[in-house]
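Inspection log for the structure reproduced underneath, given as structure tokens.
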Amino acid sequence: QLQASGGGLVQAGGSLKLSCAASGSIFDINTKGWYRQAPGKQRELVAAITSGGGSTYADSVKGRFTISRDTAKTWWYLQMNSLTPEDTAVYYCNAISKGGYWYWGQGTQVTVSS
């Protein structure tokens with residue numbers, strides 16, 4: 001129901017842009033976001049944006065990552081700049097409906113080499 005894409009291997013200092021598309025079976029999305037999980041660590045929120053346009057970021061990515069959305073196509077994106085090896089993780093897109101249901105994408109691997 002959520003399809004994430006755009007991961008890959010990049011050198012430190014480089015950029016990647018992740019995309020997430022929601023299928024038509026998901027309605028009334030209130031919050032669109034990105035989480036990540038590095039090996040041996042818990043899944044953590046990276047960035048999220050609400051239907052009202054408000055956004056939040058993890059402290060570790062502020063100023064480097066930008067979340068955006070295309071409301072017409074129910075897509076959202078994560079522009080990641082100035083990547084560091086510490087950003088290496090599987091990135092998951094996430095949607096929370098107005099009814100409180102959580103949806104997850106399949107994950108896309110981001111690997112940053114030093």
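The values are calculated or read from the model by the stated rules, or taken from the named source; none is laboratory data. Owing to the predicted nature of the structure, the values given are computational and were not obtained by experimental measurement. Glycine also receives a Cβ, built like all others from the backbone with ideal geometry; neighbour counts cover every protein chain displayed. The protein model used for the area step is the full one, side chains on, heavy atoms only, and it has no ligands, DNA or RNA in it. Shrake-Rupley method; radii C 1.70, N 1.55, O 1.52, S 1.80 Å.
Structural remarks
- Rotationally averaged projected area of the chain (alpha carbon convex hull; nm²): 6.6
- For the pair S114 and S68, a Förster radius of 25 Å applied to the C-beta separation gives a FRET efficiency near 0.35, rounded to the nearest 0.05.
- Part-to-part distance (alpha-carbon centres) for region 1-56 and region 83-112, which is given in Å: 4
- Straight-distance crosslink candidates among aspartates and glutamates, where the alpha carbon sits under 18 Å from K41 and sequence neighbours closer than 8 are dropped: D59, E86, D87
- Cα-based Kirkwood hydrodynamic radius, region 67-110, one decimal, Å: 12.3
- Fraction of accessible area attributable to carbon and sulfur, the chain (%, probe 1.4 Å): 48
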